[in-house]
Every structure is written in C-alpha cells, then in structure tokens.
Amino acid sequence: MIDENDLSIENIESLAMLEPFGMGNEEPLYLLKDVPVMKFYQLSGGKHLKMDIDFPRTKMTALYFQQGQLFDELKDKKYISIVGTLSVNEFRNQKSINFIIKDIV
C-alpha cells in the first residue's frame, strides 16, 4: 500500500533499478486507497478507461485497459481504491505520473 506522499516522479523513476521485469522478477503492484477521481473517460471507442486523479499535492492519470464496460458503473464515483503499476510518461519534455490499473477493489 502506498499513499500520495510516495507518489513523485523521482520515486517512480528510482524503480528502474529493479528492472528488467519478467519471469522471476515481477513488476511491483501498488494499492492506492480512496483515490480522488476528478473525471472518468472512455478511450478507443469505449474499450478502455482513463481517470484524472487529483490528490492535493499530486495529479496523475490512471488507465484501465480492456475495461471500458465499467464506465457507467464508475462514472459518478468520487473515490475508488485501485491496484496497479506506476510509470512516468514524458510528452513534449513534460513528465507525468501514470498508474496502470490491474484491479479496482
């Protein structure tokens, strides 16, 4: 389990020391409880879900692949608990935190 205080680009980039991930060295999974979701989106024609997460000190995006069918069930929720992996996305020299959801608990 981690909380907002653990979420920084520097902390996530330091996870690279654990790579490469694969058989015998599985990528770590993290639990974030009661995540404040600002907005849910459907991507790829409803195939995937994207969530804008807005902690007081940290903003990030969460992606839930192949789970677009959950949109109607989740779209009005303000808080969820999620399990997944962390990564840093870089676009136009701007870094941001991505959380790839494996499960909603």
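Structure summary
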{"read-out": "Residue within the range 10-22 that is assigned to a loop (DSSP other than H, G, I, E, B), open to solvent by 40 Å² or more (accessible area, probe 1.4 Å) and under 29 Å from Gln69 (Cα atoms) present", "value": "no"}
{"read-out": "Hits in the range 55-70 - residues which are farther than 25 Å from Ala16 by Cα and either touching a Gly at 6+ places or on another chain (Cβ under 7 Å) or surrounded by fewer than 13 Cβ atoms within 10 Å (Cβ to Cβ) (or both)", "value": "Pro56, Gln66, Gly68, Gln69"}
{"read-out": "Near pairs, Cβ below 8 angstrom, 6+ apart or cross-chain, from the range 63-78 (more than 16 Å from Ile53 (Cα to Cα)) to any residue that is aromatic (Phe, Trp, Tyr)", "value": "Leu70/Tyr64"}
{"read-out": "Residues located in the range 45-84, provided they are among the basic types (Lys, Arg) and either assigned to a strand (DSSP E or B) or in contact with a strand residue (DSSP E or B) (Cβ under 7 Å, 6 or more places away or on another chain) (or both)", "value": "Lys50, Lys59, Lys75, Lys77, Lys78"}
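Per-residue answers, yes or no, for (1) exposed (fewer than 12 other Cβ atoms within 10 Å of the Cβ); (2) over 15 Å from the mean Cα position of the chain (by Cα):
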residue	(1), (2)
Pro36	no, no
Met51	no, no
Lys77	no, yes
Ile82	no, no
Phe91	yes, yes
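The values are calculated or read from the model by the stated rules, or taken from the named source; none is laboratory data. Since we're looking at a predicted model, the values are computed, not measured. So basically every Cβ, Gly included, is an ideal-geometry build from the backbone, and we count neighbours across all protein chains shown. SASA here: full protein model, heavy atoms, side chains in, ligands and nucleic acids out. Shrake-Rupley method; radii C 1.70, N 1.55, O 1.52, S 1.80 Å.
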